[in-house]
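This report concerns only the one structure given below.
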Amino acid sequence: MTLGDRARLELAVHNVEGVAGSYTIVGQQGSRRRGAETAIGFERTVALAAGERKREAFELKPAEVGLIKLAPARHRPKRH
């Protein structure tokens, strides 16, 4: 990718074993250069019922020219 380019990342989310609640999906992106810093590329909170499936799409825009790496993660709601 180069400056001005845009890409779309689509994730299929399925709440197989979790409780119903709001889950946060975060994707860090950074350069593949050694020692490069990462930054939040996207972040969204998604409400999911038990057993529910959803598709979420995220737009990515590079901050610099070159290869990037993505590290998506999800954070589950706290049980009470």
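The values are calculated or read from the model by the stated rules, or taken from the named source; none is laboratory data. None of these values were measured; they are calculated from a predicted model. FYI the Cβ positions are ideal-geometry reconstructions off the backbone, even for glycines, and counts take in every protein chain you see.
Values as computed for the structure displayed
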quantity: Those residues of region 29-42 which are surrounded by 12 or more Cβ atoms within 10 Å (Cβ to Cβ) and either outside any loop (DSSP other than H, G, I, E, B) or modelled with pLDDT of 90 or more (or both), in sequence order; calculated: Q29, G30, S31, T38, G41, F42
quantity: Condition check for L48: modelled with pLDDT of 70 or more and within 15 Å of A7 (Cβ to Cβ); calculated: no
quantity: Any chance K61 is over 12 Å from V13 (Cβ atoms), at pLDDT 75 or above and surrounded by 12 or more Cβ atoms within 10 Å (Cβ to Cβ); calculated: yes
quantity: Candidates V19, V46, V26, filtered to the one that is outside any strand (DSSP E or B), touching a residue at least 24 places away in the same chain (Cβ under 8 Å), surrounded by 13 or more Cβ atoms within 10 Å (Cβ to Cβ) and on the phi < 0 side of the Ramachandran plot; calculated: V19
quantity: Residue among L11, L3 that alone is touching a residue at least 12 places away in the same chain (Cβ under 8 Å), in a loop (DSSP other than H, G, I, E, B) and not polar (S, T, N, Q); calculated: L3
quantity: First in region 55-78 and in a strand (DSSP E or B), second anywhere and of a type in the set (F, W, Y) and surrounded by 11 or more Cβ atoms within 10 Å (Cβ to Cβ), Cβ under 8 Å, 6 or more apart; calculated: F58/F42; E59/F42; L60/F42; R74/Y23; H75/Y23
